[in-house]
Amino acid sequence: MGRAFEYRRAAKEARWDKMSKIFPKLAKAITVAAKEGGGDPEMNAKLRTAIQNAKAENMPKDNIENAIKRAIGSDSDVFEEVTYEGKGPHGVLVFVECATDNTTRTVANVKSYFSKAGGSMVPNGSLEFMFSRKAVFEFMQEDGLDLEELEFELIDAGLEEIITNEDRVYLYADYTNFGTLSKALEDKEIDVKKASLQRIPTSPVEFSEEQMEEIEKMLDRIEDDDDVQAVFTNIA
């Protein structure tokens, strides 16, 4: 695949580990999912995934329950899921996924992050052909689990590829197969640690260490924004 298991994964997670806002972001994802499909995770796959990801980050149970309660309350905030695209320093391509109750505020903020870094936003859809949308599942390799057999069994559920990195296993599928693959993994009682829809660059680009310093500064600003849920780039 030409990617080091999860492009920018180490740098990206290192930043998120330091972010004091990670719980509010996870709570917003839970609220959005519950508002959209109801507060019962057994009947709402998107909510089930959001809760699963929150637990993987050690989010307290009370925080999770409160996020669901906010969603089903009569006076709950209405969040809209929006995406923005842009080009940053040295031509890096960036997809920004947000959940916001004020798109005017959010687009102004995201635009400023690009501008301050010498980049600019581009019309939505401009970068679509530069990325492929994938469903990604992560779990720990366990003794006795035959990955070759698992791969064969999950093909009908949409599995495209299995990648291992030390004791971690990553499953990739087209984003349209997120639900079917998630259900197949549940049926096999595989303890998925994280599940997400990601945008994988079709032509990853290498940047120098000096260039990456500038790029990372811009990405830090974007990811620190309360409305930003995920950021994807074409960095190799």
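The values are calculated or read from the model by the stated rules, or taken from the named source; none is laboratory data. If you're wondering where the values come from, they're calculated on a predicted model, not measured in any experiment. Note that each Cβ is placed from the backbone with ideal geometry, even for glycine, and that neighbours are counted across all protein chains shown. Side chains are part of the model used for accessible areas, which takes the heavy atoms of the whole protein and leaves out ligands, DNA and RNA. Shrake-Rupley method; radii C 1.70, N 1.55, O 1.52, S 1.80 Å.
Results, tabulated for the structure shown:
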read-out	value
DSSP-defined antiparallel bridges as percent of all bridges, the chain, nearest 5	95 percent
Average accessible surface area per residue within the chain, 1.4 Å rolling probe, Å²	53 Å²
Efficiency of FRET from Cβ geometry, L197 and E148, R₀ 30 Å, rounded to 0.05	0.70
Average projection area in nm² (convex hull over Cα atoms of region 78-205, one quarter of hull surface)	9.9 nm²
Over 18 Å (Cα to Cα) - which of K55/K193; K61/K134; K116/K217 fall in this group	K61/K134
Those aspartates and glutamates that a straight Cα-Cα span of less than 15 Å connects to K35, excepting residues fewer than 8 apart in one chain	E65, D75, D77, E80, E81, D101
Per-residue [θ]222 nm for the chain (sum of -39500 (n - 2.57) over DSSP H runs n ≥ 4, rounded to 500)	-13000 deg cm²/dmol
Estimated dipole of region 140-197 in Debye, rounded to 20 [Cβ of Lys and Arg +1, of Asp and Glu -1, Cα centre]	400 debye
Carbon + sulfur, % of accessible area of region 182-236 - ligands and nucleic acids excluded, 1.4 Å	44 percent
Loop-located GluC sites (Glu not before Pro) in region 80-167, at most 13 other Cβ atoms within 10 Å (DSSP)	E142, E166
For region 28-43, 3J(HN,Hα) per residue [Karplus equation, 6.51 cos²θ - 1.76 cosθ + 1.60, θ = phi - 60°, Hz, x = Gly/Pro]	5, 4, 5, 4, 4, 5, 5, 5, 6, x, x, x, 9, x, 5, 9
Förster radius 45 Å - calculated FRET efficiency between K61 and T176 (Cβ-Cβ, nearest 0.05)	0.90
Interchain or long-range residues, amide H under 5 Å from L145's placed H	none
Rounded to the nearest 10 Å², the accessible area of T176 at probe 1.4 Å	90 Å²
Kirkwood-based Rg to Rh ratio, region 59-132, C-alpha trace	1.12
Table column - 3J(HN,Hα) (Hz), region 218-228, Karplus curve with 6.51, -1.76, 1.60, x for Gly and Pro	5, 5, 4, 4, 5, 6, 6, 5, 4, 7, 7
Sites R168 and E213 - FRET efficiency at Förster radius 35 Å, r taken between beta-carbons, to 0.05	0.80
